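What follows is a set of notes on a single structure, which appears directly below.
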Amino acid sequence: MNLKNRNFLKLLDYSQEEILYLIDLAEKLKEEKKQGILRDDLKGKNVVLLFAKDSTRTRCAFEVACQDLGASTTYIGASGSQMGKKESIKDTARVLGRMFDGIEYRGFEQSIVEELAKYSSVPTWNGLTNEFHPTQMLADFMTIKEKLGYIKGVKMAYLGDARYNMGNSYLVTSAKLGVDLRIIAPKSLWPSQELIDTCKEIAKTSGAKITLTEDLKYVEGVNVVSTDVWVSMGEDSSVWEERINLLKKYQVNKELMAKADKDAIFIHCLPSFHNLETTIGKEVYDKFGLNGLEVTDDVFESDKSVVFDEAENRLHTIKAVILATLG
Ligand code: CP
Ligand code: NVA
């Protein structure tokens, strides 16, 4: 498998074999790290990390992965560079491409990361856009494989806001990997019909089963339950009320988990609003009286929850992407 010089922008661009290869490589890198085996495959390479939105996991995973592989990193946050304000994306891409061997971008429209890739002529990686979160998908399906032993045929329910980066990405990745995915959400928050049609077409060859429904009964017997925050980064806080009203019935709580298979796992990309220990969680509680949003604290803290293994796997999977495309 040769992925050298490829961009990693969305999983629609990758075949099932390539996605599974990256997960296998991540497993190998995880094992090596546990054994203290050090690598310097990327010695002398320089990587720039563009974060127009905040991050804990993705930023740290890119920084530690590069460090572990011998590459240097330069972090640029939402302010502090000329990008977008005094300099176009196209010009920024051409400058960064002259100085760096790889570019990570987290931010807004998918078109921005696509443009960076097009004009930089170095491997460019999507660290989350409004539309897709592909590195998260590698970590999620690596975690599913670790915990359940398989991916193809796994039954998975995704509940909540399905029209944004996480919902879209589960749809694409499940279609590619042959998963039985049930998107359980109000119709107004489903992925675009165009993306659904594309994924249903992909499902015909992978054996995936794609269900979109508003009916919670589709949680019955699933092996994996997943959700995401109800309001994403970059959205205005004025949408909370409408979103809570639309999504409260889709909260992942004990009653909902009881419908899933008895050995089902709970995953979440994080960060998550499951208690009052965050500023936003507290504000939402003061206004709406809910002390857990997309998931209740008892599920989040239960032994079904594998969210911190999933978070750790962000490191190994992001390292696999960097190594495969730059190494
Ligand atoms: N899951 C995820 O992307 O987390 P961060 O926002 O902390 O990077
Ligand atoms: N949908 C969330 C995912 C965070 C990792 C957001 O975009 O904020």
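At the residue level, Tyr285 shows approximately 90 square angstrom of accessible surface with a 1.4 angstrom probe and all protein chains present.
Note on the chain: with charges restricted to the Cβ of Lys and Arg (+1) and Asp and Glu (-1), its dipole about the Cα centre is near 660 debye. Rounded to the nearest 20, the Cβ-based charge dipole of the stretch 126-238 about its Cα centre (Lys and Arg +1, Asp and Glu -1) stands at 540 debye. When all alpha carbon pairs of the stretch 113-270 are counted in 10 Å bins from zero, the resulting P(r) reads 11, 40, 36, 12, 2, 0 %.
Against the chain, whose longest principal axis comes from its Cα atoms, helix 193-206 is set at around 80 degrees. In this simple spin-label model, placing a label point 7 Å from the Cα along the Cα-to-Cβ direction at both Phe288 and Arg39 gives a separation of 4.2 nm. Rg and Dmax of the stretch 284-324, based on Cα coordinates, read 15.8, 47 Å. Stretching the chain fully between Asn46 and Lys28 yields a gain of 4.1 nm (0.36 nm per residue, less the alpha carbon separation). Sorted largest first, the principal axis extents computed over the alpha-carbon atoms of the chain equal 53, 42, 40 Å. Above 21 Å, the calculated P(r) of the stretch 181-286 contains 45 percent of its Cα-Cα pairs. Once the mean of 1/r is taken over each pair of separate Cα atoms and inverted, the stretch 1-141 shows a Kirkwood hydrodynamic radius of 15.6 Å. For the stretch 147-230, the calculated P(r) over all alpha carbon pairs, in 10 Å bins from 0 to the bin holding the longest distance, is 20, 56, 23, 1 percent.
Within the listed set Ser302, Ser79, Ser192, the Gaussian network model of the chain (springs between alpha-carbon atoms below 10 Å) gives the highest mean-square fluctuation for Ser79.
With all protein chains in place and a 1.4 Å probe, the accessible surface of the stretch 1-124 carries 47 percent carbon and sulfur.
Using only helices, what value at 222 nm comes out for the chain when you add -39,500 (n - 2.57) per DSSP H run of length 4 or more and divide by the total residues, to the nearest 500 deg cm²/dmol? Mind showing how you got there, number by number?
Values: 12 runs with 144 residues, N = 327.
Result for the chain: -13500 deg cm²/dmol, rounded to the nearest 500.
FRET efficiency for the Glu255 to Asn2 pair, using the beta carbon distance and R₀ = 56 Å, is estimated at 0.70.
Give, as a single signed number, the net charge of other residues whose beta carbon lies under 11 Å from the beta carbon of Ser226, with Lys and Arg counted +1 and Asp and Glu -1. Write down the numbers at each step before the final one.
On the way: positive: Arg182; negative: Asp140, Asp228, Glu294, Glu310.
Surrounding charge for Ser226 is -3.
Here the label points at Lys118 and Glu146, each 7 Å from Cα along the C-beta direction, are separated by 3.7 nm in the simple model.
Candidates Gly149, Thr173, Leu128 compared by Cα position along the dipole of the stretch 125-191: farthest toward the positive end lies Gly149, with charges placed on Cβ. In the chain, the longest principal axis of the Cα atoms and the axis of helix 279-288 are about 30 degrees apart.
Computed extension length for Phe308-Thr278: 9.0 nm, one decimal, from 0.36 nm per residue of separation with the Cα-Cα distance subtracted. Model label sites at Lys187 and Tyr75, defined 7 Å from Cα along the beta-carbon direction, differ in position by 4.5 nm.
Stretch Asp197-Val64 to full length: gain in nm at 0.36 nm per residue minus the Cα-Cα span?
Values: separation 133, 0.36 × 133 = 47.88 nm, distance 3.77 nm.
Result: 44.1 nm gained on full extension.
Would you calculate the volume per residue, in Å³, of the smallest convex hull containing every Cα atom of the stretch 2-64?
Details: hull volume 7.9 nm³, N = 63.
So the per-residue Cα hull volume is 126 Å³.
Computed from the alpha carbon atoms alone, the convex hull of the stretch 47-117 holds 84 Å³ per residue.
The values are calculated or read from the model by the stated rules, or taken from the named source; none is laboratory data. Please read these numbers as outputs of a predicted model, since none were measured by experiment. Cβ atoms come from the backbone with ideal geometry, glycine included; neighbour counts cover every protein chain shown. Heavy atoms of the whole protein, side chains included, go into the accessibility calculation; ligands, DNA and RNA do not. Shrake-Rupley method; radii C 1.70, N 1.55, O 1.52, S 1.80 Å.
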